[in-house]
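For reference, the structure discussed in these notes is given below.
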Ligand SMILES: Nc1nc2c(ncn2[C@@H]2O[C@H](COP(=O)(O)OP(=O)(O)OP(=O)(O)O)[C@@H](O)[C@H]2O)c(=O)[nH]1
Ligand SMILES: [Mg+2]
Ligand SMILES: [Zn+2]
């Protein structure tokens, strides 16, 4: 096996998906950058820009190559022919109409959910990221930056652990390379980590500190409202000099969930457990009689904020999942009409 590709995370999970002919004729590569329609991949002889086959361009968004994907190039090595099955996929409901799933980062082992020890940190945002993470199949670690700018960093860690008791939390100053041992411990030579979180929390700063050199540009947050300036504008995968792969993801304004029903049950397992005691099995925990969840809020054992967050994500998920299903059904219907027309044309051709 080519060692350059192994250093980029190639293993038997991907190799076993290739046929003998593909092993011989086509080049394997990992997607390192996606900028609109421009895609860069790492192959055994280095990085190159490639395009997509028309089939992939026209296919559903979720199936199109994203950063971290393992792909097969054509024999000319300028086009992506096929995207290999993913080991994990971090995705969201696409911004805007939201009737498609947008893949964000593929084949990720660990997700660093990056948040700062200031007003940017919100339990409900963390719950949203955790749901997407559980659904993706990658392991979540919360990285709390800017611990050097406050006396109360531990309070932020405690708030995070009230969301998920066993969530690993790393409190850091992302600018101080000498104090990143806790974060380093999550990095291993061939594993892939994705950095996700709001703009300005320090994702690129952390990447640069771990690399010991500037890999991605960083920029001060805005003075007036402390928000980030959306400095990173496209997703890219980097290899750290001492091994380990990192995907820097731009801060996303909108991170809507879809397809996360099971993940929500995991992230909100306390509420799901309480719900077993509700009188009605389809209780919405709004105003139904005999609601064990509402009772827990009333006796102070469940935070009303957490219930509100759970209900909001459930609603959003149900709506997005329904819209996506509708679009898919529509597309299938359309595909059938096209097939039918082709068939008619072919058969008419035979008669003539
Ligand atoms: N003091 C301090 N400053 C930090 C820390 N982490 C990041 N910063 C600063 O925060 C600002 C934003 O950091 P970036 O790394 O550009 O943020 P980002 O998350 O990559 O933002 P986008 O690319 O917009 O998504 C920079 O000025 C960093 O120097 C930290 O732990 N401590
Ligand atoms: Mg950045
Ligand atoms: Zn209930």
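Laboratory data are not the source of any read-out in this text; all were calculated from the coordinates shown. All values derive from a computational prediction rather than experimental measurement. Quick reminder, even Gly has a Cβ in these numbers, built from the backbone with ideal geometry, and neighbours come from all protein chains shown.
Counting only helices (runs of 4 or more DSSP H) wholly contained in segment 234-313, no element carries 3 or more residues that are within 16 Å of ligand 1 (Cβ to nearest atom), more than 29 Å from residue 199 (Cβ to Cβ) and free of Cβ contacts under 8 Å to residues at least 24 places away in the same chain. As a summary of the residue check, residue 78 satisfies the conditions (1) under 27 Å from residue 314 (Cα atoms); (2) surrounded by fewer than 16 Cβ atoms within 10 Å (Cβ to Cβ); (3) in contact (Cβ under 8 Å) with a residue 12 or more places away in the chain except for the one numbered (1).
Restricted to segment 213-229, and to residues there that are near ligand 2 (Cβ under 9 Å from one of its atoms) and surrounded by 14 or more Cβ atoms within 10 Å (Cβ to Cβ), the residue that is farthest from the chain's Cα centre (by Cα) is 219. Do you know which residues across segment 199-212 are assigned to a loop (DSSP other than H, G, I, E, B), surrounded by fewer than 23 Cβ atoms within 10 Å (Cβ to Cβ) and more than 8 Å from ligand 2 (Cβ to nearest atom)? Hit for segment 199-212 is 212, nothing else. Please verify whether segment 177-196 includes one or more residues that are assigned to a loop (DSSP other than H, G, I, E, B) and within 9 Å of ligand 1 (Cβ to nearest atom). The answer is no, given that none of the residues of segment 177-196 is assigned to a loop (DSSP other than H, G, I, E, B) and within 9 Å of ligand 1 (Cβ to nearest atom).
Screening residue 129 with (1) surrounded by fewer than 21 Cβ atoms within 10 Å (Cβ to Cβ); (2) assigned to a helix (DSSP H, G or I) gives one miss only, at (1).
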